[in-house]
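So the structure is just underneath, and the comments pick up after that.
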Amino acid sequence: MSTGDDPARALCADLDTRSAQGSASRQRRSFGRRSRRAGAGIPMATSDEVHIGKGDWLFLLQGTNNVSSQYVRSPAAQFFLIHWRLIISARERRLRDLGIPYKHVLMPEKITIYDHLLDGLAIDWRLSPAFRLIYEDEYYKLFPFRRLNIPKYISRNRRWRSTLIDLITPMRRQRDLQNLFYRTDSHLSFAGRMLAYREICRAVGAEPVRDFEERPALYHPGWAGDLGMGFVPPRYEGTMLHDLQRDAVRVYANPIVAHRERRASEGTLHTGAHVIYRNERARDPRCVMLFGDSYANFAPIGLTIMLAETFRELHFIWSTQLDFGYIERIRPDLVLTEMSERFVFRPSTDDWDFEGYVRQRYGAELAAGSDDGPDP
């Protein structure tokens, strides 16, 4: 699907494919700034915030999302699980009416996958929000008599299982074969991203790119992730930074992305980032719209660039909410939402105007040419 008929996407049409050296530099900068930003938010990690597990593995416990407190059975947990089941089901129905397939993938927390590396801390991974959202139906637990409509119950569950992409089962199966997360970071390692990418491709019927492991990579001997930077001194690890961008060309970046990149502060940008990639060499001709968070990322370090190398056209919007106005304008062939499981405990609504949010959140910053805008 072409982007030429949308004027918003032509603003940065002169952005071409960057060299491998420049791309690798952006990766190091993005990883580094993400780490420094996390360290700035946690001057010194405490045992309540970051858990030091076996083999010096670091696990996020509290902070802004209170991760460990989500592994419980409680009225609040039941509310949010029902809330997200209704939100995701409503998205699937609405997009199905538009003729657009929809998939939702939850990115597991590190403690959901590597609970056996916790040291003296007992957390039942089966109570993880992602696992329960996929495999438990709190709605029917609350209204059990509605199961008596057997055909509707079976149809609902079948559609639900086909909409959600389960990463927990394959990750727990492979967790001892390779490190799927960084030791000092809350995000997936390259091996973890590869696993997630292949599962997504399998779920949407796409042929995965076969040579990602063979593309250029640079070893960084002293890298500290977002959790490692919370300590004084920081806790470091060695890691490989992979340069995966080869065929995909970024043809659009919204003004706040371009603004932060000009000031080398793109690592501080989250919700509101919007980029579009086009890949004329992709085998899969589909246009995909991806709504996601830091696991996807607008910088070429996450799932976004992997999918951009796979499909003819990819739109990425950093958000856990959908903008149906934008979806209806672009009419993609597939909508994919990616969300960290810790965000299950945040309510969402899809009656959302993405461009309006960006104007409100970043308008003053863009007008002033500074890197600090008003709070939303």
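The values are calculated or read from the model by the stated rules, or taken from the named source; none is laboratory data. The model shown is predicted, which means the values in this text are computed figures rather than measured ones. FYI the Cβ positions are ideal-geometry reconstructions off the backbone, even for glycines, and counts take in every protein chain you see. Surface areas here come from the heavy atoms of the whole protein model, side chains and all, with no ligands, DNA or RNA. Shrake-Rupley method; radii C 1.70, N 1.55, O 1.52, S 1.80 Å.
Here are some notes:
- Residue within region 335-352 that is of a type in the set (Gly, Ala, Ser) and open to solvent by 10 Å² or more (accessible area, probe 1.4 Å) present: yes
- Filter pass, residue 184 being over 19 Å from residue 292 (Cβ atoms), open to solvent by 40 Å² or more (accessible area, probe 1.4 Å) and not charged (D, E, K, R): no
- Reported count of residues in region 259-298, each being touching a Leu at 6+ places or on another chain (Cβ under 9 Å), hydrophobic (A, V, I, L, M, F, W, C) and at pLDDT below 90, is 1.
- Selection count, region 240-267, where residues are closer than 18 Å to residue 367 by Cα and either open to solvent by less than 10 Å² (accessible area, probe 1.4 Å) or in contact with a helix residue (DSSP H, G or I) (Cβ under 6 Å, 6 or more places away or on another chain) (or both): 8
- Residue within region 178-191 that is part of a helix (DSSP H, G or I) and within 19 Å of the chain's Cα centre (by Cα) present: yes
- Of the helices (runs of 4 or more DSSP H) lying entirely inside region 260-376, those containing at least 1 residues that are more than 20 Å from the chain's Cα centre (by Cα) are 324-330, 354-368.
- Some residue of region 187-198 being open to solvent by 50 Å² or more (accessible area, probe 1.4 Å), touching a strand residue (DSSP E or B) at 6+ places or on another chain (Cβ under 6 Å) and closer than 21 Å to residue 117 by Cα: no
- Applying the criterion of being in a helix (DSSP H, G or I) and without any contact (Cβ under 8 Å) to a residue 60 or more places away in the chain to the residues of region 78-110, the residue that is farthest from residue 340 (Cα to Cα) is 97.
- Test: residue in region 309-322 that is among the hydroxyl-bearing types (Ser, Thr, Tyr) and farther than 19 Å from residue 208 by Cβ: yes
- Residues (out of contact with any Lys or Arg (no Cβ under 8 Å at 6 or more places or on another chain), touching a residue at least 40 places away in the same chain (Cβ under 8 Å) and not β-branched (Val, Ile, Thr)) located in region 236-249: 236, 240
- Candidate set from region 213-230 (those that are hydrophobic (A, V, I, L, M, F, W, C) and buried (at least 19 other Cβ atoms within 10 Å of the Cβ)); member that is nearest to residue 51 (Cα to Cα): 227
- When 310, 304, 320 are screened for being surrounded by fewer than 23 Cβ atoms within 10 Å (Cβ to Cβ) and of a type in the set (Ser, Thr, Tyr), only 320 passes.
- For beta carbons closer than 7 Å, sequence separation of 6+ or different chains, a first residue in region 262-290 that is among the basic types (Lys, Arg) and a second that is open to solvent by less than 20 Å² (accessible area, probe 1.4 Å), the qualifying pairs are 278/3; 278/251; 278/313; 286/311; 286/334.
- Within region 66-103, being under 14 Å from residue 137 (Cα atoms), surrounded by 13 or more Cβ atoms within 10 Å (Cβ to Cβ) and aliphatic (A, V, I, L, M) holds for 77, 81, 82, 87, 88.
- Unmet requirement for residue 156, which otherwise passes all of (1) open to solvent by 40 Å² or more (accessible area, probe 1.4 Å); (2) in contact with a helix residue (DSSP H, G or I) (Cβ under 7 Å, 6 or more places away or on another chain); (3) among the basic types (Lys, Arg): (2)
- Qualifying residue in region 135-154 (condition: outside any loop (DSSP other than H, G, I, E, B), of a type in the set (Lys, Arg) and within 17 Å of residue 106 (Cα to Cα)): no
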